[in-house]
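For reference, the structure is listed below as structure tokens.
Here, each number is a calculation from the coordinates, and none is a lab measurement. What you see is a predicted model, and the numbers here were worked out from it, not measured in a lab. Cβ sites come from the backbone with ideal geometry, for glycine too, and all protein chains shown count toward neighbours.
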């Protein structure tokens, strides 16, 4: 594919802005955007600087003016829009979860393969250079066999019963909330860094707030601390999706692990924290402090700063500014989109794809199953 | 009991030195000590500054010259020595685990109650002022209901297969190693801080090194990093006790939790880390940084320094030097022994006791059971 | 000015890439670039995705095809190119130091005012939301009078005598190195946050390595640790610019302060660390951990996370992604360029400008004077 | 000297309690204590567990029943009591500052030498194992030449004008407050670790609160945050001693340095923070986190935990419990007193002595001189 790539974004929430910024940084054209109504679409086009608005996401994903479609809608629409786009031969970048069941996610993965298009999912934490460095170190074998894999992913934006969001509603967001939304990121990163695959798990889930405000607020737009407002005026609805999930697991290569995922941990904003305990060293990555990596050894713990001159090639290529000048979330997104565009142009495929998303969908199904049956559950390979 | 208390210590390892120091700081007499042989006992008496040595621990625990007996031997001797001492009417401070089965621990608890003596177990992490502050804050209800309870206790002193210790041998150390030795501390602290009781759990355990050096080295005397020496010359033995244990649990008051305990996490020395996520705030305590407490709220995270003027009474009484002048492990021990001596003199009972140790023994049994049966297991109340 | 703004960049080093990225994110056209030779200019145009290359920076800064000129050359060329651009009526974004003497910097400031163009300097650390929050809190008076102002700015990229760079050469880089290059950032941030102005100072400077490799390496391209290579083959040159500068100072509003600036502090990458001790609270900002702000009070230290819902308006507008999703250096640059473009279009002037750069040039002159005369030196208002 | 050493303590404030605890841990007898009145002396004897009270400190320091005298009175009494004790042939442990002028401190140092007694001053931060490790590493030359020496010592206990203490009054506390009280510790530690001597300095001092409450409160007994109480009822007095001091300095071996000392930095409790930037590595020690040492190198920063197996001999001997079991301030004091007792018994002299205190008194004089004359001032060797 020659010339400037033409990208369109279905959806106009917070993450759509991040996608749009990444597309622009990659040097592509942002040809269009859609939102929940035509009017909102027009507003979004103006805000995001897109060339035009589409009346519907369905129109957008099949438009002849578009090479690559980004799907940034609520979760429930991911599958139908991705299917439409794939059938129209578009390259697709779809927000996770790719679908709200493992079966649908697997089906889309097969369809994308048949269509021979690029089908990417923004597991963007892989694009922190120090996460890539963690992978390179663990995969090289230099740290010895991986014995333990553990950590948590904690947020607080749903800590109050007055907080709500479309993700709380299983029809719109899917049957799993905390695990599907953020646990999936942790598992993707853990498997990607170590090369291990989780083969069985036991989980417990908790719905801390059995009722929540029925007011579906916007993306990540929880009221400020203390500002729950006049709660009596707000009607509430029963909640079935989980606020938190605890997991134990085993991997195909003999490691054991544990994970806590929570959206109700006050003071924790987006704490994805992962430790790999190998025979000779531990490796700790903390997404909120992504510019360093901790390498623990018996004799001392090394704090590695991101410095391209010292990193493994796969990490160094992502290290685009000098050490001490923090790279952040949007830089990850930009690097991810650059990789997607490289792949669209026929280059090496380095980005996370639909198969990775189908993998986390299978894990999500296993978590819900295990929590329901209160027993160890196998995860399909 | 009037006059200076007379204390004797059975055992002469690292922790015996810590006990001896605490006894001296409390103003008591250290009248005697015993070790594995009479000769070692004499050496220990000289080293610890005890007035005399006893030929055997059995002699020591029943001696007429002694008011309070401290049992600091390998785990397998805790139960018989404690029983002897109790039957001789001594006050007893026994290192944990009190016994290597829940049944024996419960039996000792009953015996101590019958004998109407002080029977204490050094769950000394309770004596960090900021741990006591955490308890006061959570128990006051000011933070709201406790929803999640999680953390880990990580060490690395057994990370190498060349590392060994009497604790590895189930005959000497008991059938559980990592959980009984350090997981018990975490659970004691978690239940003590929150007032919740773990009612059921599911666990997986891992014996990372199936064989270890057969050379039983001294307490906490793992070789330095890289210094495993001439491994070929060392014979190895099969290991049955666990290097690590992962737990999920539920409490009597509706919280869910998770815990990882490990003695094979390189770079982690004694990282007991505990987070309580309540409705309005989270509380995080880290034993390696015990002089601060983190109170996470949606709006910000407060870092509380230990300052007697600002702490709850139960924490303030332990805060014996100004803020910024670190209190440490031995200060906890000293405060614990002062509380024991107060109780011996008829004062308020504030120290952790045999019932607390029996509680952790019951948890240990449940962990081993659950790991064996691969299922959720109830913990007796 | 209507339509898409047309931007050109003189210079093709590391920081030029950062400027180019920010220009693209702001939605402007990158019409051209120049480098030290026409060939390098062409390579840079390809690399940066500019529409064309200019043979010389002199051509670029006066080109009719350009609305806004970014000057990213070595320091010695800042003044002549900025003067040319201003006289051609261009809006100018000039890297700091604006000039290598206070007099020349003041002259450019006057010229920019006469030409009524936008004249901006990327003191981009002002664009970290939490730096803006620090300013809002201090300026509001809510923390009480500012008593002490202190900190450091430490790097290590010139720690080895084998490290060199055009900045080491006073002809190319100017007579001050560490202070002009990074101390200027600290002082700009400190004055901007507090509203205080440094009125007198005493300084000592240190040239730790009296000789350095004569090989002028590229921007920020120090050899990796330990990799000084075959030093005998490298000729060395005498160094006159400072590796480090220590300052004491007083402000117009009665505060005292101190600052250490160093490019030879091993392990420190870009540690701009600033503490403001006011009557009721201290405020600490650390550029390497820019997503939090520490508010120290007697009772506790508050760690504020960047959360738009909770920040002052000037900070909230910069907080473009949810808390816990790190913003970084390039995001600051993008926000700075957006502000510059707003000003070019006639909007509010919020960006740091030539007067700010002239201010830091005056401070630089005072530092060199004071170090030379070994005495307190007044800084012109 | 054979048998149990007999120790008496003049003074009964916070630090006297710490001395008493250390004496007891060293296995010595605490034979007596004195306070500002005979009644207070009796109360102190009961509280500290001393065998008896002396009516006056003057009686105590010359008593035949005493081998070693600890002087823990307000500063103004240090010199006369130490002189009395020395003339009576006692071994003396005197709190710093040894005297309120350099001349008097030097005079006591000479007298102690003439009397051939042990004369110690508790610069106890030297007794943190990781401070000793810092010394061993720097002194070994393994890190290369020391270029920069910098840091701060920040407290907040006098941040409010309602805070007062005998130290504020120059007659009781001496003409320098912040520097003499805590700056002296920083300088002692910096010179002790590096072997460099400060040869000249320039200082500015600040008395942030020109008036303070006239109520002389007890040691370290500032009112709690926000609790200044009914200020109108409190009379105030003019303050002449400094709340803060900023220093630049040069050393005899060619390093430059800077230091900020403050007792008015909200949120800072006892932050003695010291960084040594040498050619190949930086070393950072933070007294509030004394169990780790940071070794910064270009390639990474190493976090060393206190582990006797890995430390230099002078540090390992102080590392009395396993890593991860924090040692603290009182453990430093105990090790200091053990060293003093070893010296009294004729062993190696390892403790800081009067000459060290006289050194910091000379530095204090130079700081006050330089601040007064606003010029670089030489420090006598």
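Can you tell me the relative contact order of chain A? Whole percent, Cα pairs under 8 Å, sequence separation 6 or more.
Relative contact order of chain A: 21 percent.
Mind jotting down the distance between the C-alpha centroids of the range D:337-381 and the range A:308-381, whole Å?
For the range A:308-381 versus the range D:337-381, the Cα centre distance is 58 Å.
When you look at the Cβ of every residue in D:363-376, what mean number of other chain Cβ atoms sits within 10 Å?
1
Report the far tail of the P(r) of the range B:78-203, meaning the percent of Cα-Cα pairs longer than 17 Å.
Value for the range B:78-203 (Cα pairs over 17 Å): 67 percent.
From the label point of residue A:349, set 7 Å along Cα to the beta carbon, how far off in nm is each other copy's matching point, shortest first?
Copy-to-copy label distances for residue A:349: 5.4, 6.8, 7.7 nm.
For the range D:281-325, divide the Cα radius of gyration by the Kirkwood radius and give the resulting Rg/Rh value with two decimals.
Rg divided by Rh gives 0.99.
For the range D:231-381, report the translational diffusion coefficient in µm²/s to the nearest whole number, using Stokes-Einstein at 25 °C, 0.890 mPa s, and a Kirkwood Rh over Cα pairs.
128 µm²/s
For the protein assembly as shown, report the translational diffusion coefficient in µm²/s to the nearest whole number, using Stokes-Einstein at 37 °C, 0.692 mPa s, and a Kirkwood Rh over Cα pairs.
95 µm²/s
Among A:339-352, A:279-292, C:8-21, how do they line up by average Cβ neighbours within 10 Å per residue, starting with the highest?
Put in order of decreasing packing, that is C:8-21, A:279-292, A:339-352.
Build a GNM of chain C with springs between Cα atoms under 10 Å: which of C:105, C:43, C:244 gets the top mean-square fluctuation?
C:43
For the range A:18-72 and the range A:120-177, what is the separation of their C-alpha centers, rounded to whole Å?
Here the answer is 27 Å between Cα centres.
Compactness ratio of chain A: Cα Rg over 2.2 N^0.38 Å, N = residue count?
0.97
What does the average come to when, for each residue of peptide C:197-209, you count the partner chain Cβ atoms lying within 10 Å of its Cβ?
Partner-chain Cβ atoms within 10 Å, mean over residues of C:197-209: 3.
Name the chain B residue nearest the rotation axis between B and D, going by Cβ position, and give the distance in whole Å.
B:328, 2
Compute for the range A:6-120: radius of gyration divided by Kirkwood radius, i.e. Rg/Rh, restricted to C-alpha atoms, rounded to two decimals.
Computed over Cα atoms, the ratio is 0.95.
Checking the a/c ratio against 1.5 first, then a/b against b/c, what shape does the Cα gyration tensor give for the range A:1-63?
oblate
At residue B:116, with labels set 7 Å past Cα in the Cβ direction, how many nm apart are the copies from this one, shortest first?
Output for residue B:116: 6.1, 9.2, 10.0 nm, nearest copy listed first.
Given Cα pairs under 8 Å that are at least 6 residues apart, what percent is the relative contact order of the range D:1-152?
It comes to 17 percent, rounded to a whole number.
On average, how many beta carbons from a partner chain sit within 10 Å of the beta carbon of a residue in D:326-336?
Average per residue, whole number: 6.
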